[in-house]
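The values are calculated or read from the model by the stated rules, or taken from the named source; none is laboratory data. Please read all numbers here as calculations on a predicted model, not as lab measurements. Every residue, glycine as well, gets a Cβ built from its backbone with ideal geometry; the counts of neighbours run over all protein chains shown. Accessible surface is based on the protein model in full, side chains and every heavy atom, while ligands, DNA and RNA are left aside. Shrake-Rupley method; radii C 1.70, N 1.55, O 1.52, S 1.80 Å.
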Amino acid sequence: MQITIDGPAAVGKTSLGRALARHFGCLFVETGKMYRAVALGLDRGLNLNEIDITMDKDGRFLLNGENVTDLLHTPKLDQESSQVATKPKVREKLVAIQRKIAASFDVVMEGRDIGTVVLPEAEVKIFLKANPLERAKRRANQRKGTDLSTTLNEIRTRDVRDRTRAISPLNPARDAIIIDTDRKSLAEVISEAIDLVKGRLGER
Ligand code: DC
């Protein structure tokens with residue numbers, strides 16, 4: 001089974017993805033963390049061909065064997081990951097890893113290009129949206145002590161970069177179901193998505 005979740009930064013893909021993966025017994029794959037791990041490797045002075053990214057069965061990300069999962073969510077890597085994601089060689093390398101995982105396991109995979117490029121044959125494709133201010137509030141809430149207007153500016157910068165890059169820009173797949181999360185609680189979004197997946201796949 002392949003369920004894809006795409007959408008812009010801080011829209012709630014991870015919370016939804018984790019819940020869907022638990023409900024349907026799938027492996028949850030956060031592809032944004034792979035781009036973040038590549039950015040971290042480049043920061044450490046490695047070349048792309050010296051960078052090996054793997055994910056273990058608990059969803060932890062290893063950079064050349066080191067568990068870097070807890071180092072990936074910083075404002076610096078927010079921006080750097082979105083920059084490295086514009087590079088064709090980076091995308092080629094990470095898309096290959098993502099497809100390999102999806103060939104071996106039932107997955108809920110989240111990112112920007114999963115429904116359009118990585119897994120175009122997925123059974124269920126979800127695209128989440130919410131306005132930038134709502135997303136900035138959620139992000140500032142997750143990262144205590146972050147200033148709302150700085151977060152909003154950073155999200156807008158990333159939105160433009162993710163949407164306008166030449167290769168695999170952020171777009172809903174033609175067959176994606178769009179869920180607008182603006183005035184919905186996480187519980188409502190999860191329940192809507194579970195119903196939607198059940199409708200597509202039949203009860204499981
Ligand atoms: O989902 P995230 O915020 O952790 O992603 C970090 C960056 O990685 C995001 O700004 C764009 C890039 N990305 C991408 O281009 N394609 C993906 N499938 C996932 C993330």
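Computed quantities for the displayed model
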{"quantity": "Contour excess over end-to-end distance, with Cα ends at Leu71 and Leu201 and 0.36 nm allotted per residue", "calculated": "43.2 nm"}
{"quantity": "Near-label residues of region 22-56 by backbone N, under 20 Å of a point 7 Å along Cα→Cβ of Lys87", "calculated": "31-55"}
{"quantity": "Inter-part distance where region 152-204 and region 92-134 are each reduced to a Cα centre, Å", "calculated": "11"}
{"quantity": "Solvent-accessible area per residue for region 78-204 (1.4 angstrom probe, square angstrom)", "calculated": "53"}
{"quantity": "Where GluC sites (Glu not before Pro) fall in DSSP loop in region 76-162, at most 11 other Cβ within 10 Å", "calculated": "Glu121"}
{"quantity": "Gyration tensor (alpha-carbon) shape descriptor, region 69-204, a/c threshold 1.5", "calculated": "oblate"}
{"quantity": "Fully extended contour minus Cα-Cα distance, from Asn153 to Arg99, at 0.36 nm per residue", "calculated": "16.2 nm"}
{"quantity": "Beta bridges by DSSP in the chain, antiparallel share as percent, to the nearest 5", "calculated": "25"}
{"quantity": "Unit charges at the beta carbon, dipole of the chain: most positive-side option, Ala136, Ala103, Asn171", "calculated": "Ala136"}
{"quantity": "Accessible surface ranking that places the most exposed of Asp106, Asp113 first, with a 1.4 angstrom probe", "calculated": "Asp106, Asp113"}
{"quantity": "Residue with peak Gaussian network fluctuation, the chain [Cα springs, cutoff 10 Å], from Arg165, Arg135, Arg36", "calculated": "Arg165"}
{"quantity": "Portion, in percent, of the accessible area of region 1-70 that falls on carbon or sulfur, probe 1.4 Å", "calculated": "43"}
{"quantity": "Dipole moment magnitude, nearest 20 debye, the chain about Cα centre, only Lys, Arg, Asp, Glu C-beta charged", "calculated": "320"}
{"quantity": "Amide H partners (placed H, <5 Å) of Phe127, local residues excluded", "calculated": "Asp6, Ile177, Ile178, Ile179"}
